[in-house]
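Each value in this text was obtained by applying a stated rule to the coordinates, not by laboratory testing. These figures come from a predicted structure and were not determined experimentally. A quick note on method: Cβ atoms are made from the backbone with ideal geometry, for glycine too, and the neighbour counts reach across all protein chains shown.
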Amino acid sequence: MGQRPHWFRSSLIKTGVPALLIFTLLLLLPAVLTAQQQSKLGNPTNLQASPAGPSQVKATWQAAQNAEVHYVWSVRPDGAGGKWTAAAATAGSTTIDGLSSGQLYWFIALAGGNVDGEWQWSQYSNWASATTETVRTVSKIYWTDWSVRTPKIQRANLDGSEVETLIASDVRTQRPWGIALDAQGGKMYWSHYPGENTRDLDKIMRSNLDGTEAEVLVHAEDGLRHPQSLALDLAAEKIYWTEESGSSIRRANLDGTQVEAIADEIVRVDYGDRIGRLNLDGIALDLTTGKMYIAGTDLDHVRDSGQFASRIRRANLDGSGVEDLVTGLHNVRGLALDLPAGMMYWTEGGALKVFEDLNNSVGWADDGTAKIQRAGLDGSGVQDLLTSEDGLHRPNGVALDTLAGKMYWTTEASGFVKFRRANTDGTSLEDLVSYRPATAPQDIAILSMPTDLP
């Protein structure tokens with residue numbers, strides 16, 4: 001197909017020539033072409049451009065006489081994003097990929113061919129412009145409700161409107177806890193933890209994003225012990241989950257096969273005089289570094305000392321390389337990562353007052369110190385974003401919309417259940433959805449996809 005115009009070879013760009021300067025050169029270069037070259041080679045004419053998708057534009061033109069190749073230059077008005085796209089001599093059209101969504105681009109065509117044994121270039125065509133389509137995203141919040149009255153999974157718009165019930169469970173056999181979403185695969189995963197003395201009913205389930213075609217992936221017979229939070233590694237086709245009873249992390253294939261326990265060391269806490277075990281709740285994955293983050297509480301320490309002992313840990317995806325990131329916490333529940341910003345967020349249920357009832361069962365009551373906190377991914381720079389003074393009460397799951405700079409969480413407050421959001425720095429607090437009487441919202445997840453929801 002010939003060679004590119006020598007003045008626009010990639011080496012020019014690699015030397016650091018600004019895109020805007022290249023754009024200016026493009027306007028001036030046709031004047032240096034000789035009349036002989038123009039007449040023998042011919043010029044592409046009638047260039048037109050039209051959007052062909054969120055990152056595509058289709059360019060059409062009338063082919064130049066005697067041309068062996070055509071090139072179309074695309075560039076934004078500020079000179080950024082310039083690129084050449086080659087097309088066959090007689091094609092008369094090409095689709096230009098890899099453009100930015102919702103952006104205006106200018107296009108110009110150029111022909112090349114062999115004239116009298118020498119490679120020559122035509123004059124440029126007319127300019128044409130087109131704006132790529134804006135990516136149409138549909139965003140929803142999903143949450144699980146562990147209510148003893150009406151357990152269910154629901155979703156709504158990000159502003160809390162249009163609440164839909166996707167899964168309405170039988171309270172005796174199904175009470176959803178953790179939730180994770182696969183937007184590309186169109187699937188929703190969740191854990192069922194019906195409660196104490198119901199281990200035979202524990203399960204991991206999957207359905208379409210609208211709750212249809214629900215199926216059980218992992219059964220109690222596979223070794224489940226009160227599964228709670230979930231996380232997905234879609235590239236490796238794995239699902240991870242934490243278990244409260246038995247204090248373990250397990251993973252399986254997305255279809256539920258090959259269940260394995262992977263993290264014995266991550267649940268062990270060395271107090272010097274004894275080894276404790278964390279009851280695990282939140283889990284989040286950083287697949288770019290092959291790390292998992294978990295949150296857990298040592299309930300034996302609660303019983304023995306009357307104080308909660310929660311911490312956030314990090315380990316490799318196989319459970320090795322365990323390190324403490326944040327300790328001295330009280331009752332960590334939800335956990336979420338903002339990888340672009342290098343931050344992690346979590347909910348603190350509060351420093352709970354521990355007591356024993358007449359049956360020697362441990363119980364607790366909120367002492368009013370609930371928090372939403374964040375820190376660097378290495379645990380440094382812990383910040384309080386929201387506290388009880390902001391009206392926060394028993395926050396559970398937390399999810400991040402990093403593009404919009406928002407965080408969402410579930411909470412129980414004075415007989416109400418609320419779904420709330422704020423900026424990721426804790427400002428602009430909003431109530432989205434409220435219920436009365438209170439139920440038991442647990443986990444929350446955000447879905448954003450460039451197609452219509454099922």
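Length gained on full extension, Asp222 to Thr95, computed as 0.36 nm times the residue gap minus the Cα-Cα distance: 40.6 nm. Ranked by how many other Cβ atoms sit within 10 Å of their own Cβ, fewest first, the residues Arg268, Arg394 fall in the order Arg268, Arg394. Given a Förster distance of 25 angstrom, what is the FRET efficiency for Asp390 paired with Asp159, based on the Cβ-Cβ distance and rounded to 0.05? Rounded to the nearest 0.05, the efficiency is 0.80.
Take the Cα radius of gyration of the stretch 37-190 and divide it by 2.2 N^0.38 Å, N being the number of residues; the result is 1.77. Extension gain, Lys40 to Leu287: 0.36 nm times the residue separation minus the Cα-Cα distance gives 83.2 nm. The listed peptides 209-222, 110-123, ordered by packing as a protection proxy, come out as 110-123, 209-222 (highest mean of other Cβ atoms within 10 Å first). Each peptide in 395-405, 44-54 receives the mean, over its residues, of other Cβ atoms within 10 Å, and ordering these scores from highest gives 395-405, 44-54.
Cross-linked pairs Lys140/Lys187; Lys140/Lys371; Lys371/Lys406: Cα-Cα separations exceed 20 Å for Lys140/Lys371.
In this calculation the C-beta distance from Glu237 to Ser448 is compared with R0 = 30 Å, giving a FRET efficiency of 0.90. Using label points projected 7 Å from each Cα along Cα→Cβ, tell me how many nm separate Asn208 and Val382, to one decimal. If labels sit at Asn208 and Val382, their model points lie 4.6 nm apart.
Taking 0.36 nm per residue of sequence separation and removing the Cα-Cα distance, the Asp116/Thr257 pair yields an extension gain of 44.0 nm. Can you give the FRET efficiency for Ser434 and Thr134, using 1/(1 + (r/R0)^6), R0 = 35 Å, r = Cβ-Cβ distance, to the nearest 0.05? The pair Ser434/Thr134 has a calculated efficiency of 0.60.
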